[in-house]
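One structure is given below, encoded as structure tokens.
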Number of protein chains: 2
Amino acid sequence: MNEVTKTFSRYLVNAKAGDLPEAVRKEAVRSFFNWLGCAVGGSVHETVDRALSALRPFAGPQQATLLGRGERIDILNAALLNGISSHVFDFDDTHLKTIIHPAGPVASAILALSEYRKVSGADFLHAFVLGVEVECRIGNAVYPAHYDIGWHITGTAGVFGAAAAVGKILGLDEQKMTWALGIAGTQSSGFREMFGTMCKSFHPGRAAQNGLSAALLAQKGFTSSDRVLEAPRGFAHVMSTERDFGEIVDGLGERFEIALNTYKPFACGIVIHPAIDGCIQLRNEHGLKAGDIEKIELDVHPLVLELTGKKTPQRGLEGKFSVYHSAAVAVIHGAAGEEEYSDASVRDPDVVSLRDRVTATANPDIREDEVVVRIMMKSGQVLTRHVEHAIGSLERPMSDADLEQKFRRLATGVIGAPATDRLVSVARGIESLADVSEIARAGAGHARGDADAE
Amino acid sequence: MNEVTKTFSRYLVNAKAGDLPEAVRKEAVRSFFNWLGCAVGGSVHETVDRALSALRPFAGPQQATLLGRGERIDILNAALLNGISSHVFDFDDTHLKTIIHPAGPVASAILALSEYRKVSGADFLHAFVLGVEVECRIGNAVYPAHYDIGWHITGTAGVFGAAAAVGKILGLDEQKMTWALGIAGTQSSGFREMFGTMCKSFHPGRAAQNGLSAALLAQKGFTSSDRVLEAPRGFAHVMSTERDFGEIVDGLGERFEIALNTYKPFACGIVIHPAIDGCIQLRNEHGLKAGDIEKIELDVHPLVLELTGKKTPQRGLEGKFSVYHSAAVAVIHGAAGEEEYSDASVRDPDVVSLRDRVTATANPDIREDEVVVRIMMKSGQVLTRHVEHAIGSLERPMSDADLEQKFRRLATGVIGAPATDRLVSVARGIESLADVSEIARAGAGHARGDADAE
């Protein structure tokens, strides 16, 4: 197919904020809000500490906020570091068709830019929607072959999304938007081999930073190919064994991928969410206590055991890959947030004891967002819950109230309750903001007293 | 094969500068010297101007020299911009086995670092040799399949070389060297689709910058996979259809890839060099004039048409990908330097007219450094030249005097003759320098009077 990249660019350049359907605007606010909470929550993770300590000696002017940290840095490094923060808990949004986490690369880039160049809430949301559209459509065009090869699609597709969103805010013309996509695409990278290491969250961070720099370079006339997506030696041929360019160019402006975005209620791989959901439901309805439970049986989709079959996790990060640990904390704490995946939590004797009484059976008739939970009480009573669609799925989305509760849990421990109140309020009202940088500044919270911050 | 990456890291960490053979040290000086001339010569190209104007507002402290420009910038941006400068003329070194241009990613990274952390000439050259070893061995392991897919191997392999060289200078231990290679590898990128655009020289620049930051991140404990090269979802499987890990781990410390490095006499892709060489030989021997020529026929290696088959280049950069333009300027000007690849040159009516009378035929029996040139004169005379090995090949290498002449042609127009004299002298003596940053400072030349430089 010819002119795939140019067709995409033409659409991006001509798209009007006023043409966004109401439902799409609403979902964009929810996606951005969820991202912001994750970024503030993840900002004090050692992954961010180490990246910042390595890069700060070479960083530029204090132009943009490091969310949750009360210090400032140049916009390119802010895009990188906020992108890392937002993905480090694996708690951000998911475009289920491609397993892309769409907000990270795009929001990290344009929020940083908004502190360098004034952007209204309406323009920001529009650019955000378009950036998500670009990365998800490119993902649709090559998924699953591209992912199966071993590419971390959030990084590889995300860099295009960041460039498109920044390019829209910069007002690039069609040629420069095309170059921006090209400069972004020729930096597309990130291996799935890195999962379980700090490089996993580095991928969306670098995608944000590289996409931002791609659009800035294009703005100054830095040239690239006009056919990065479709050329025989371009993205879709080089980085995938299969491709469908119709996914990129068909129905532009008619359907929006952000409408298919989902948000995680639990801080772990999405395949364990049904089991956690079922356990929490039974716990809350019956006031369960771990000591009264004989055993827990789960009927799960086969992928659950393949991806999260770790029987005896030793560290918090490993707990995220254990359906047994996850079911245990769901019953004991009624939650599966970051605290339930701490090192202390996986070593808690009560959790370990209950975890050892959990069994899971793969059943190919169970869908990915489905589970059957059976809890055998010592009393002989058997409690059963069949979850058809887990909370957080497209069929049972998190409500705005759920998202706000998640946000507060993530942010309060980092920036405190008053700053969290203010941030919730300003982020919820993004559509009417004259200057989006207000959100970034509110997201800084108080300074952490980092001695070498300045 | 297991432990490919760790075996490589162990070798890099334990290698001693004193163990380098004399011939390897000598070739390292030649490689670095050739790179330096190219970087100074390319520093005023608009590709560098545009990149610098886009990125300077976000850059860090004035830590390192932009060669040829008399202004300073943070070391990460210096690595990027000097890397672009050094490749923008396509005039740098070539490892013929892989078509990698080895010096760009490696030298750009460690010369910038040498202005932040004192490095002796001996240690610098050792790190340079090791960085080149890393990128070329990784290249050997996946070439030609990796290149055939569409990857620009100088960028994809170069990022590993930069990380390894920087890691050696930083004194990383085996674990951190392994992480550095992993963080570098997961940024490996660059499409051949970008050839003929500013992104081509962006690739080695970004490889230098990303490799440098990978080693800096690893130094601070930023983790990656320990198996970036060999894992099923790592570099060699994801980015190539074939691989031979023996090329990476066999004979480490016994043979050195830099001994196979070559230098270009002409400012274009090396596959056209035999044709240019043959045309210049016939021109000089027969005092040829374009107007007396009926047509020119070339029997060339098939890659010549695949890579440089552009019939009607419109811009200087495109001329480098046109065997037709190259043969025409070789006959008309007896040279193929930067001037012959200017926009003016590709539009010169005399050049265009002769170019249109050049035909090239792919012949699988012709080697890559071989050509048969037949020039049919209007008089009916036919002049033939069979070049067995083009000038600049391993069999007919450029002499030290040739390299110095090339260096002076590149540098004098940018920094003037006195500064060039001084730079030649200090670079030639790199082995005995206590502090390599002396070369970087000498390479600054005089300030260009760029108004917004400071």
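The values are calculated or read from the model by the stated rules, or taken from the named source; none is laboratory data. Model, not experiment: these values are computed from the prediction. All Cβ positions, glycine included, derive from the backbone under ideal geometry; neighbour counts span all protein chains shown.
When restricted to residues that are within 26 Å of B:Lys264 (Cβ to Cβ), buried (at least 21 other Cβ atoms within 10 Å of the Cβ) and of a type in the set (A, V, I, L, M, F, W, C), the range B:30-76 contains 12.
Does the range B:191-212 hold any residues that are hydrophobic (A, V, I, L, M, F, W, C) and in a helix (DSSP H, G or I), and which are they?
B:Met194, B:Cys199, B:Phe202, B:Ala207, B:Ala208, B:Leu212
Which of the residues that make up the range B:11-29 are surrounded by 16 or more Cβ atoms within 10 Å (Cβ to Cβ) and either touching a Gly at 6+ places or on another chain (Cβ under 6 Å) or closer than 19 Å to B:Ile169 by Cα (or both)? Within the range B:11-29, B:Tyr11, B:Leu12, B:Val13, B:Ala15, B:Ala17, B:Leu20, B:Val24, B:Arg25, B:Ala28, B:Val29 qualify.
Looking at the range B:365-385, is at least one residue in contact with a Phe, Trp or Tyr (Cβ under 6 Å, 6 or more places away or on another chain) and at negative phi? No, every residue in the range B:365-385 fails to be in contact with a Phe, Trp or Tyr (Cβ under 6 Å, 6 or more places away or on another chain) and at negative phi. Looking only at residues of the range A:214-230 that are under 28 Å from the mean Cα position of the chain (by Cα) and more than 7 Å from chain B (Cβ to nearest Cβ), we find that the one that is surrounded by the most Cβ atoms within 10 Å (Cβ to Cβ) is A:Ala214. Out of contact with any Ser or Thr (no Cβ under 7 Å at 6 or more places or on another chain), aliphatic (A, V, I, L, M), modelled with pLDDT of 95 or more and in the same structural domain as A:Glu257 (by TED's automatic domain parsing): does that describe A:Val119? Yes. Of all residues assigned to the range B:156-174, at least one qualifies as being in contact with a strand residue (DSSP E or B) (Cβ under 8 Å, 6 or more places away or on another chain) and under 30 Å from B:Gly121 (Cβ atoms). If you go through the range B:398-407 and keep only what is surrounded by 15 or more Cβ atoms within 10 Å (Cβ to Cβ) and either assigned to a loop (DSSP other than H, G, I, E, B) or at pLDDT 95 or above (or both), you end up with B:Met398, B:Leu403, B:Glu404, B:Phe407. Any residue at all in the range B:172-185 that's more than 14 Å from every other protein chain (Cβ to nearest Cβ), assigned to a helix (DSSP H, G or I) and in contact with a helix residue (DSSP H, G or I) (Cβ under 9 Å, 6 or more places away or on another chain)? The answer is yes, given that some residue of the range B:172-185 is more than 14 Å from every other protein chain (Cβ to nearest Cβ), assigned to a helix (DSSP H, G or I) and in contact with a helix residue (DSSP H, G or I) (Cβ under 9 Å, 6 or more places away or on another chain).
Exactly one residue out of A:Leu307, A:Leu288 is over 13 Å from A:Val373 (Cα atoms), part of a helix (DSSP H, G or I) and touching a residue at least 12 places away in the same chain (Cβ under 8 Å), and it is A:Leu307. Restricting the range B:355-397 to residues that are touching a Ser or Thr at 6+ places or on another chain (Cβ under 8 Å) and assigned to a loop (DSSP other than H, G, I, E, B), the residue that is surrounded by the fewest Cβ atoms within 10 Å (Cβ to Cβ) is B:Leu394.
Would you point out which residue out of B:Ile270, B:Ile248, B:Ile276, B:Ile293 is crowded, with 18+ Cβ neighbours inside 10 Å and out of contact with any helix residue (DSSP H, G or I) (no Cβ under 8 Å at 6 or more places or on another chain)?
B:Ile270
Scoring B:Ala267 on the criteria (1) small (Gly, Ala, Ser); (2) within 18 Å of B:Arg367 (Cβ to Cβ); (3) not in a helix (DSSP H, G or I) leaves a single failure, condition (2). The set of residues from the range A:342-366 being over 18 Å from A:Phe266 (Cβ atoms) and basic (Lys, Arg) comprises A:Arg347, A:Arg357. Tell me, yes or no, whether the range B:191-205 has at least one residue that is at the interface with chain A (Cβ under 7 Å from one of its Cβ atoms), more than 21 Å from the chain's Cα centre (by Cα) and in contact (Cβ under 8 Å) with a residue 40 or more places away in the chain. Taking every residue of the range B:191-205 in turn, none turns out to be at the interface with chain A (Cβ under 7 Å from one of its Cβ atoms), more than 21 Å from the chain's Cα centre (by Cα) and in contact (Cβ under 8 Å) with a residue 40 or more places away in the chain. Within the range B:251-269, the set of residues being of a type in the set (Lys, Arg) and free of Cβ contacts under 8 Å to residues at least 12 places away in the same chain comprises B:Arg255 only.
Considering only residues in the range B:105-142 that are crowded, with 24+ Cβ neighbours inside 10 Å and of a type in the set (Phe, Trp, Tyr), the one that is farthest from A:Val238 (Cα to Cα) turns out to be B:Phe124.
Check whether at least one residue in the range B:258-266 is facing another protein chain (nearest Cβ under 7 Å), crowded, with 23+ Cβ neighbours inside 10 Å and in contact with a Phe, Trp or Tyr (Cβ under 7 Å, 6 or more places away or on another chain), and report yes or no. No, the conditions are met nowhere in the range B:258-266. For the range B:69-126, filtered to residues that are touching a Pro at 6+ places or on another chain (Cβ under 7 Å) and assigned to a loop (DSSP other than H, G, I, E, B), the residue that is nearest to B:Asn261 (Cα to Cα) is B:Asp93. Number of residues in the range B:317-375 that are within 19 Å of B:Asp299 (Cβ to Cβ), in contact (Cβ under 8 Å) with a residue 60 or more places away in the chain and of a type in the set (Asp, Glu) equals 3. Scanning the range B:58-96 for residues that are facing chain A (nearest Cβ under 8 Å) and not polar (S, T, N, Q) yields a total of 7.
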